[in-house]
Amino acid sequence: MRWKFVIPFFAFILITVAFVAFFLDGIVESIVEERASLLNRAKVEIDNLDIGFLRPGLRIRGLAVANADNPWRNMVEVGDIGISVSVLSLFSKRIIVNEVVMEKVRVNTKRKSSGELPRRLKKRLKAEKKKEGKPVQVPCLKLPNLEVFKKKFDVKELVDINRLESVKRAKQLSEDVSSMKSRWETEINDLDVKSKAEEIVTKVQGSLESLQKTEIKGPADLLRLQGNLRNLREATDALRGLKREIEGEKLDFKRQVATLEKALKDEMKRLKEQDLRAILKDLGIEELMKVRLAEAFLCPFLGKAMNLIWNNAGKIRAAMPKLEKDEPVRTRMRANGRDIIFPSVKKGPDFILREARLSMEQGKWSLKGIIRGITSDPVSYGKPTRIDIQGKRSKLVLNAILDHTGKIPIDTVSLDLMGYPLEGLAFTENPLSLSNITRGFLDLKADLALRGDSIDLKTMTTVKNLVLDFSERGKENLMVDILKEVMKTAPSLSIGTIRLALSSWAVLGRAMMGIPPSERPAP
Amino acid sequence: MIWLKIISKIIRILNAEATPKQIAGGVMLGMIIGLTPTFSLHNIVVVFLILVIKVNLTAAILSMFAFDLIAYGLDSLSDWIGYGILTSTALRPLWIEAYNAAIIPFTRFNNTIVMGSFVISLILLYPIFRLAKYGVERYRSDLASTFQRWRIVRAVKMSRFYRYYQTFRNIT
């Protein structure tokens, strides 16, 4: 052994390791700050970052994420973040995080300095910026002005048959059907099935008779026999051809009828709705069909919630791992040999986060929550992800079970919010913005169940002790008068139950974007 | 110039070992690096062994370059051997286990040429050692004096290049 070389070599390695251990925290801190700032489009600052080697883990103190839209405020501030990783997992391909703790989380706090990105990072951001898809916006619906009912309308004029598009189209379709019927009759007649069939039958009978009479005495008889057999074959072919022709016509007719049927169903439905809208427009209450009181009343609140669900639930679910099949053995050619790919044998998920604890304070509000069992492979982990969050001052209970252990992912989320103060909440996005809330408390109970691609959402919203301020707008609106009267006598107002049960995200998207009245679920 | 002195001392330590066995050892270990693709994880271990065990460094470096050239000619043979070993049914459980282990995949053992050339170098390990040892002994006992008398050797010794080499050798 070359001790004169080995000893200085190991000494050098030791010094290098010590140097890295001493300065690594600072290097990682600056890298994290820079990358996170670029992602956030505003400063992300860390007071102190510690990487643990003996007990593998990470500790971040004083994380401040500036708000890109308002650089003088922090979007979120976290006092302490601790992550502890399983030592054994570091020697394998797996990452097992035993615990993540986030304490003293506060949102929307003031900053002492601007959180704008420094010029250097701004330049880099510009270079890296990519176009992002537009987020889905749930439209706010409008309440009608019921003053219109004070006017008098001529009903005959409103529902005049000559004005209705659906009636016009129905007439046209009826003509189409009759012309199609006559065309098909002509085509069938042109085929002349009966005479053709009779002709073939006569030919067959003749051939059969001739066959019976034939006596084979010499080579000439054999030739005649051959001729008769050929005739029979030809007759069979002709019959088959006729059958094919009839079947083709039948199929063609069926197709035409199906197309017409579909056109009738879809088009008539659309035209009827169009006519209805036209009549309502004449009446001046076009918006009435789109309106659901609950949605209109709580539009800003529900709209934001739905936006949040729509924009994030899909993303989260898409990011959740899917069932994987074992990779087959395959070979790949390379310039310097071939890589033989062997199947991956999973002895468990590649990533497990056993427990994450969160505590948050915001003014009088406080939240505490635990998330258990986040994993990259729920099937082999075998347990669902559980989220339990509880809040004080406006009691909040949020429980979620994200079960992706089976073939069909089942996610259930239940939210129970009680006594959320509504003071100062302005309905600026809908016609009820003629009012502001002076006082009131909101109770919200929501149950969301996602099974595969189907969504089942139930919400019950109750507003208690509601006092509205109608002082500024809509003085001459009948709707306002009705509401005022209701509010005088109602100690609490339950906005009913909104139930969404849809079979796919696409349907939900269409329902939200297009809002065709008839396709929306009943309130 | 302190760095130069440190480097020269290290090289002197590493080059001090010049017995036939040590030279043969250097040739043997250099062969592994030369025959197998250079940037493989197992070669780090081999380099470490060259530096730690008392083998001749110059011999190892020369052997590495020489076998690197030979390896190009052996590529198709390495590929054939490697493919045979990696697709063998009997060894398949072992490869699957290794493929799913923590560090082993970084050795690129599942590459046919890496596997094939590594197996070839393992097979050649002892014969090369014996051959190199015999060669050095034979050279020292019989051929050295004859070799020194060759005109070409004398011409090289008189060249500027050799003078530089000697200066370098004296420093180390």
>> Among the listed residues A:Lys243, A:Lys250, A:Lys194, identify the single one that is part of a helix (DSSP H, G or I) and loosely packed, with under 10 Cβ neighbours inside 10 Å.
In response: A:Lys194
>> Only one of B:Asn110, B:Asn56 is of a type outside the set (A, V, I, L, M, F, W, C) and closer than 26 Å to A:Pro343 by Cα. Can you tell me which?
In response: B:Asn110
>> Here are the criteria: (1) surrounded by 13 or more Cβ atoms within 10 Å (Cβ to Cβ); (2) within 12 Å of the chain's Cα centre (by Cα). Tell me which single one B:Met115 does not satisfy.
In response: (2)
> Tally time: how many residues in the stretch B:104-118 are more than 22 Å from B:Ile70 (Cβ to Cβ) and facing another protein chain (nearest Cβ under 8 Å)?
Replying inline: 1
>> Quick test of your reading of the structure: B:Ile85 fulfils all but one of (1) within 11 Å of chain A (Cβ to nearest Cβ); (2) over 30 Å from B:Gly25 (Cα atoms). Name the failing condition by number.
In response: (2)
> Restricted to the stretch A:410-441, and to residues that are assigned to a strand (DSSP E or B) and modelled with pLDDT under 75, which residue is farthest from A:Asp456 (Cα to Cα)?
Replying inline: A:Thr438
>> Name the single residue that is surrounded by the most Cβ atoms within 10 Å (Cβ to Cβ) among those in the stretch B:57-80 being within 11 Å of chain A (Cβ to nearest Cβ) and not acidic (Asp, Glu).
In response: B:Ser78
> Just one of the numbered conditions (1) of a type in the set (Asp, Glu); (2) modelled with pLDDT of 80 or more; (3) surrounded by 11 or more Cβ atoms within 10 Å (Cβ to Cβ) is not true of A:Glu287; which one?
Replying inline: (2)
>> As an exercise: evaluate B:Gly135 against (1) of a type in the set (Gly, Ala, Ser); (2) closer than 30 Å to A:Pro343 by Cβ; (3) surrounded by 14 or more Cβ atoms within 10 Å (Cβ to Cβ) and give the number of the one condition it does not meet.
In response: (2)
>> Condition first: touching a Leu at 6+ places or on another chain (Cβ under 7 Å), assigned by TED's automatic domain parsing to the domain that holds A:Leu125 and not basic (Lys, Arg). Can you find one or more residues in the stretch A:3-15 that meet it?
In response: no
>> Among the residues in the stretch A:208-219, are any part of a helix (DSSP H, G or I) and in contact with a Lys or Arg (Cβ under 9 Å, 6 or more places away or on another chain)?
In response: yes
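Mind checking which residues of the stretch A:1-45 are in a loop (DSSP other than H, G, I, E, B) and within 14 Å of chain B (Cβ to nearest Cβ)? Break it down into steps so the answer makes sense when it comes.
So the first thing to find is which residues in the stretch A:1-45 are in a loop (DSSP other than H, G, I, E, B), and the list is A:1-2, A:41-43.
Listed by number, the residues that qualify are A:Met1, A:Arg2.
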> If you go through the stretch B:29-36 one residue at a time, do you hit one that is under 25 Å from A:Met1 (Cβ atoms), within 14 Å of chain A (Cβ to nearest Cβ) and assigned to a helix (DSSP H, G or I)?
Replying inline: yes
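Only one of A:Gly369, A:Gly314 is out of contact with any strand residue (DSSP E or B) (no Cβ under 9 Å at 6 or more places or on another chain), away from chain B (no Cβ under 14 Å) and at pLDDT 55 or above. Can you tell me which?
None of the others qualify; the one that does is A:Gly314.
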> Any residue in the stretch A:51-60 that is within 32 Å of the chain's Cα centre (by Cα), in a strand (DSSP E or B), assigned by TED's automatic domain parsing to the domain that holds A:Leu125 and modelled with pLDDT under 85?
Replying inline: no
> Just a yes or no: is a residue in the stretch A:247-257 under 30 Å from A:Gln172 (Cβ atoms) and among the aliphatic types (A, V, I, L, M)?
Replying inline: yes
>> For the stretch A:111-165, give me the residue count where each residue is at pLDDT below 75 and closer than 30 Å to A:Glu34 by Cβ.
In response: 8
>> Take A:Leu38 and tell me if it is out of contact with any Pro (no Cβ under 6 Å at 6 or more places or on another chain) and surrounded by 12 or more Cβ atoms within 10 Å (Cβ to Cβ).
In response: yes
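The values are calculated or read from the model by the stated rules, or taken from the named source; none is laboratory data. Owing to the predicted nature of the structure, the values given are computational and were not obtained by experimental measurement. No Cβ is skipped: glycine too gets one built from the backbone with ideal geometry, and neighbour counts run over all protein chains shown.
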